[in-house]
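**Student:** Got a structure here, written out as structure tokens. Questions coming.
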Amino acid sequence: MSRTLELTGARLSYLLYAVQLAVLALVLAFVVPALEYPVNIFLGGLFAVVMLASVVALWRRAAGRDGGSQLGTADDITYDPVAEPGQAARDRWEKAVRRLPGFDDEK
């Protein structure tokens, strides 16, 4: 019997988070014990903060509060409906129609 392994987007992102955390933990395990130079303490703290941020991001994604539901809506600060070619063409067409003589906007 052949079983296929289905790797969805959510599982792939969890897998990437796990690999990232494992690599950061290994780097942290090898950087912190070698306290020969003050830079090692700084690097250890930096990697610890990055690791903590990754854990928080993973937790927020698993809880469904990662903010992905806002993308492409009016709440998204990067959303620009005029940037879409169809919407930009429509806006230009409406401006052209408004400039036509005899166009009455009042209904």
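**Student:** Once both labels are modelled 7 Å past Cα along the beta-carbon direction, what's the ALA10-SER54 spacing in nm?
**Tutor:** Taking the simple label geometry, ALA10 and SER54 are separated by 2.2 nm.
**Student:** Further, regarding this structure: Which percent of the accessible heavy-atom area of segment 7-59 goes to carbon and sulfur, probe 1.4 angstrom?
**Tutor:** 83 percent
**Student:** Between ALA63 and VAL27, what is 0.36 nm times their sequence separation minus the Cα-Cα distance? Round to one decimal in nm.
**Tutor:** 10.2 nm
**Student:** If I model a spin label at PHE42 and ALA88 as a point 7 Å from the Cα along the Cα→Cβ vector, what separation in nanometres do I get?
**Tutor:** Each label point lies 7 Å from its Cα, and together they span 4.4 nm.
The values are calculated or read from the model by the stated rules, or taken from the named source; none is laboratory data. Quick caveat, the model's predicted, so the values are computed rather than measured. Cβ sites come from the backbone with ideal geometry, for glycine too, and all protein chains shown count toward neighbours. Heavy atoms of the whole protein, side chains included, go into the accessibility calculation; ligands, DNA and RNA do not. Shrake-Rupley method; radii C 1.70, N 1.55, O 1.52, S 1.80 Å.
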